[in-house]
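Notes follow the structure.
The values are calculated or read from the model by the stated rules, or taken from the named source; none is laboratory data. All of these numbers come straight from a predicted model, not from anything done at the bench. All Cβ positions, glycine included, derive from the backbone under ideal geometry; neighbour counts span all protein chains shown.
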Amino acid sequence: MGRKIVQGLLSYVLAASVIASVFGWSAGYSAFLGGGIAALATSASVWVGFRFTANAGIAALNVIRSEFAKYSLAAVLMVLVFKFVASIEEIIFFSVMFVGFLVAPCVVYYHEAIRKQRKMVG
């Protein structure tokens, strides 16, 4: 995965944490953990999806593999967070994670589209 995509995902996580920290310290780290899970799961999804060759016959299989990796990793990380983090604000955690699942693919597609445009122009 490209450096710009990782930077975009990290900027989302940091922005969500700073915005949520207005509501308190636990809200800030709840947002950080929720955004981090969304960013890590999306990164795993992109890595699994683009790791295989771009053959039309296995394109649907790649999508299924990448989504399975995304939601499996998110579920495991959520279990770990709820087991080991004492005071977490669930509403902020799930809100930021849900928005992260919507924002993260947009960041990935945006940077991939820019990369393809630059490749076609130059």
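Laid out as a table, the results:
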quantity	calculated
Residue match in the range 28-46 (condition: of a type in the set (Val, Ile, Thr) and touching a Ser or Thr at 6+ places or on another chain (Cβ under 8 Å))	yes
Residue list for the range 92-122, filter: over 10 Å from Gly34 (Cα atoms) and among the aliphatic types (A, V, I, L, M)	Leu102, Val103, Ala104, Val107, Val108, Ala113, Ile114, Met120, Val121
Residue match in the range 90-104 (condition: at pLDDT below 80 and either of a type outside the set (A, V, I, L, M, F, W, C) or in contact with a helix residue (DSSP H, G or I) (Cβ under 9 Å, 6 or more places away or on another chain) (or both))	yes
Residues within the range 1-35 that are crowded, with 22+ Cβ neighbours inside 10 Å and within 21 Å of Ala86 (Cα to Cα), tallied	8
Matching residues, the range 58-89, being free of Cβ contacts under 8 Å to residues at least 40 places away in the same chain, aliphatic (A, V, I, L, M) and under 30 Å from Ser21 (Cβ atoms)	Leu73, Ala74, Ala75, Val76, Val79, Leu80, Ala86
Among (1) at pLDDT below 80; (2) part of a helix (DSSP H, G or I), the one test that Ala54 misses	(2)
The lone exception for Lys70 - which of (1) among the basic types (Lys, Arg); (2) within 15 Å of the chain's Cα centre (by Cα); (3) within 20 Å of Arg3 (Cβ to Cβ) it fails	(3)
Qualifying residue in the range 71-87 (condition: among the polar types (S, T, N, Q) and in a loop (DSSP other than H, G, I, E, B))	yes
Residue within the range 101-116 that is of a type in the set (Asp, Glu), surrounded by 12 or more Cβ atoms within 10 Å (Cβ to Cβ) and closer than 21 Å to Gln7 by Cβ present	yes
Test for Ile92: is it assigned to a helix (DSSP H, G or I) and not basic (Lys, Arg)	yes
